[in-house]
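Computed from the coordinates by the stated procedures, all read-outs in this text should not be read as laboratory data. Note that the structure is predicted; figures quoted are calculated from it, not measured. Don't worry about glycine lacking a Cβ; one is built from the backbone with ideal geometry, like all the others, and counts go over all protein chains shown.
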Ligand code: SF4
């Protein structure tokens, strides 16, 4: 993993409007997970003024928990997504514990919270996350094939570890989900069987940023897995396999 340039910064706002949920919280600008298909990479470098490659910089919003405590008191109730353009449990979270303190600041506030990650550090915060009154916890899991996942998300936790952690949250009474997107090469039948015991619901999405990933697919002889028919077939087999096991599914493409 590349060592990122890390800057501690004071954010002006931490509870921000989102087009996906009502609000998003991003404790970090930049993401060490550095997935090759990351949509945030396309605009966050320009937005943040960084010249380093995606994964090579992280701005740490060190005042995020205090800022949230101030903003939440004035905010209209709505669903909060942690996080939209970074992994809230990327490696630096181990040192800074910003996400943990943000979750603590939300306890007792009665805002629905959605937490989404690809990192095993999420497990550390089960004790505080389970104290939120309305929370969904999810991992992005877009294939059951570890080699495929390593190719596209080399710094993320192994798929089986993500599944085990979801099971731990579910067993603790927390609602769990998987974001199966962008669908990656692998077996949708096997993915359905793996996910079903670990999650309450699943969102399915296709690869939407084709120019950004075409080179890596071509280099590995995988271009057939970028076709519309691949995503349609893969998505429908996965959805069928999950629904037949009683999992709520929403396809968003
Ligand atoms: S974890 Fe999410 S934000 Fe981070 S690089 Fe991967 S897709 Fe982008």
Handout entry: Normalised contact order of the chain, rounded percent, pairs of Cα under 8 Å and 6 or more residues apart
Key = 16
Problem - Base-10 log of normalised Debye intensity for region 162-253 (one unit scatterer per alpha-carbon) at q = 0.14 Å⁻¹ - result: -0.52
Handout entry: Radius of gyration, Dmax [region 12-60; alpha carbons; angstrom]
Key = 11.3, 31
Completion exercise
A convex hull over the alpha carbons of region 55-138 yields, per residue, a volume in Å³ of 92
Completion exercise
From DSSP H assignment alone, runs of 4+ in the chain each adding -39500 (n - 2.57), the sum over residues rounded to the nearest 500 puts [θ] at 222 nm at -10000 deg cm²/dmol
Problem - Computed log₁₀ I(q)/I(0) - Debye formula, equal Cα scatterers, no solvent, region 1-133, q 0.16 Å⁻¹ - result: -0.77
Completion exercise
Over the chain, the quotient of the Cα radius of gyration and 2.2 N^0.38 Å is 0.98
Exercise for the section: Using only the alpha carbons, work out the radius of gyration and Dmax of region 122-214 in angstrom. Expected result: 13.7, 43
Practice task
Sticking with the crude label model, points 7 Å out along Cα→Cβ, report the distance from residue 43 to residue 131 in nm, one decimal please.
Solution key: 3.5
Exercise for the section: Can you tell me the FRET efficiency between residue 74 and residue 228 if r is taken as the Cβ-Cβ distance and R0 is 30 Å, rounded to the nearest 0.05? Expected result: 0.10
Practice task
Could you calculate the contour length gain from residue 17 to residue 216, that is, 0.36 nm times the residue separation minus the distance between their Cα atoms, to one decimal place in nm?
Solution key: 68.3 nm
Fill in the blank from the handout: Scoring region 162-253 by relative contact order with C-alpha pairs under 8 Å, at least six apart, yields a percentage of 35
